[in-house]
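Trainee: Structure below; questions to follow.
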Amino acid sequence: MRIAVFGSTGGNGRLILDEAMRRGHEVTAFARRGGALAGVAGLAGVVEGDGRNRADVEKAVVGQQVVIMTVSGRGEPGVAADIARAVIAAMAAHGVFRLVTTSSYGMVATRPYVLAPLVRRAFRTAFADQDAADQVIQASDLDWTILRATRLTPGPASRPGRLSTELFTTGPYSLARAAYAASLVDLGENGAHVRHVVNITG
């Protein structure tokens, strides 16, 4: 399968690249700084550019079967939403329909009761941008899936992520980043949960 990964130099992105290549997929990485991927062997290609620039984005999207997007606003309001718009437009123009994207469960979490509102307050700017990006994606005609993760932790995955379209009422409320990456690639492969927002935890 031909997969393009946006946000490929971030903590999620590098793991997604590794997981997708380990499974034998033909992977193209999109990055603002392509040189950061110089040590990653086995990529089908590296496209350097600005994710808000449709012309740059199209270079990575053309000919793909799946796009996996894991981007953030880098502290600048509106960035994630602008990238989502550019990626969606490029995919539509080139007939690429399967989009799997990351998001944050913290935006909607109700438990743990004390911690959940504190997290929303602390990350309100980032969450506002992520929510705007999610709305852009949900309004598109693509075969999208948004995967909202609980708190991500380093290290290997001891077990697969637990997926639900409902809010979690029992913990743990954390997830190994490696398990998150594996679930994102799973969704790209199996086409499950099309046009659904799905929550994932450990």
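The values are calculated or read from the model by the stated rules, or taken from the named source; none is laboratory data. Nothing here was measured: the structure is a model prediction, and the numbers come from that model. A quick note on method: Cβ atoms are made from the backbone with ideal geometry, for glycine too, and the neighbour counts reach across all protein chains shown. Quick note on the areas: whole protein, heavy atoms, side chains included, nothing else; ligands and nucleic acids left out. Shrake-Rupley method; radii C 1.70, N 1.55, O 1.52, S 1.80 Å.
Trainee: Considering only protein heavy atoms and a probe of 1.4 Å, how much of the accessible area of the range 1-101 is carbon and sulfur, as a whole percent?
Mentor: On the way: 1980 of 4190 Å².
In the range 1-101, the share of accessible area belonging to carbon and sulfur is 47 percent.
Trainee: How high is the relative contact order of the chain, given as a whole-number percent (alpha carbon pairs under 8 Å, six or more residues apart)?
Mentor: Rounded, it is 21 percent for the chain.
Trainee: What is the range 109-202 by shape, rounded, prolate or oblate, if you read a ≥ b ≥ c off the alpha carbon gyration tensor as root eigenvalues and call it rounded for a/c under 1.5, prolate for a/b larger than b/c, and oblate otherwise?
Mentor: Working: a/c = 1.80, a/b = 1.10, b/c = 1.64.
Because a/c hits 1.5 or more and a/b fails to exceed b/c, the range 109-202 counts as oblate.
Trainee: Calculate for the chain the 222 nm mean residue ellipticity that helices alone would give, adding -39,500 (n - 2.57) per DSSP H run of length 4 or more and normalising by residue count, nearest 500 deg cm²/dmol.
Mentor: On the way: 6 runs with 72 residues, N = 202.
It lands at -11000 deg cm²/dmol.
Trainee: If one takes the longest principal axis of the Cα atoms in the chain, at what angle in degrees, from 0 to 90 and to the nearest 10, does the Cα axis of helix 11-22 lie?
Mentor: Between the helix axis and the principal axis of the chain, the angle is about 60 degrees.
Trainee: Right, another one. Can you tell me the mean projection area, over all orientations, of the convex hull of the chain's alpha carbons? Units nm², please. It would help to have the intermediate numbers written out before the result.
Mentor: On the way: hull surface 41.0 nm².
For the Cα atoms of the chain, the hull's average projected area reads 10.3 nm².
Trainee: Take His196 and Thr125, extend 7 Å from each Cα along the Cα→Cβ direction, and tell me the distance between the two endpoints in nm.
Mentor: Here the modelled spin labels are 3.5 nm apart.
Trainee: Okay, moving on. In the range 59-122, which chymotrypsin sites (Phe, Trp or Tyr not before Pro) fall in coil by DSSP and have 10 or fewer other Cβ atoms within 10 Å?
Mentor: Details: sites: Phe97, Tyr105, Tyr113; in loops: Phe97, Tyr113.
The qualifying sites are Tyr113.
Trainee: Another question, if that's okay. Treating the angle as unsigned and between 0 and 90°, give the value, to the nearest 10°, between the Cα long axis of helix 79-93 and the longest Cα principal axis of the chain.
Mentor: 50 degrees
Trainee: Ignoring ligands, DNA and RNA, please state the percent of accessible area on the range 145-202 from carbon and sulfur, probe 1.4 Å. Let's see the in-between values first.
Mentor: Values: 1420 of 2650 Å².
It is 54 percent, rounded to a whole number.
Trainee: Compute a Gaussian network model of the chain, connecting alpha carbons closer than 10 Å, and tell me which residue from Ser174, Ser183, Ser158 fluctuates the most.
Mentor: Ser158
Trainee: Could I ask something else about it? What full-extension length gain, to one decimal in nm, is calculated for Leu118 and Ala44 as 0.36 nm per residue of separation minus the Cα-Cα distance?
Mentor: Taking 0.36 nm per residue and subtracting the Cα distance, the gain is 22.4 nm.
Trainee: Using only Cα atoms, find the angle between the long axis of helix 177-190 and the longest principal axis of the chain, and express it within 0 to 90 degrees, rounded to the nearest 10.
Mentor: With both axes taken from Cα atoms, the answer is about 60 degrees.
Trainee: I need the Debye-formula profile for the range 1-48: one equal scatterer per C-alpha, no solvent, reported as log10 I(q)/I(0) at q = 0.22 1/Å, two decimals.
Mentor: The Cα Debye sum returns log10 ratios of -0.63.
Trainee: Next question. What trypsin sites (Lys or Arg not before Pro) in the range 161-202 are in a loop by DSSP, with at most 16 other Cβ atoms within 10 Å of the Cβ? Before the final figure, lay out the partial values.
Mentor: Values: sites: Arg162, Arg177, Arg195; in loops: Arg195.
The qualifying sites are Arg195.
Trainee: Using DSSP, restrict attention to beta bridges with both residues in the chain and report what percent are antiparallel, rounded to the nearest 5.
Mentor: On the way: 3 of 35 bridges.
In the chain, DSSP labels about 10 percent of beta bridges as antiparallel.
Trainee: So with the 1.4 Å probe, I'd like the accessible area per residue for the chain, rounded to whole Å². Kindly include the intermediate steps, with their values, before the conclusion.
Mentor: On the way: 9220 Å² over 202 residues.
Accessible surface, normalised per residue, equals 46 Å².
Trainee: How large are Rg and Dmax for the range 15-111 when calculated on the C-alpha trace, in angstrom?
Mentor: 14.1, 42
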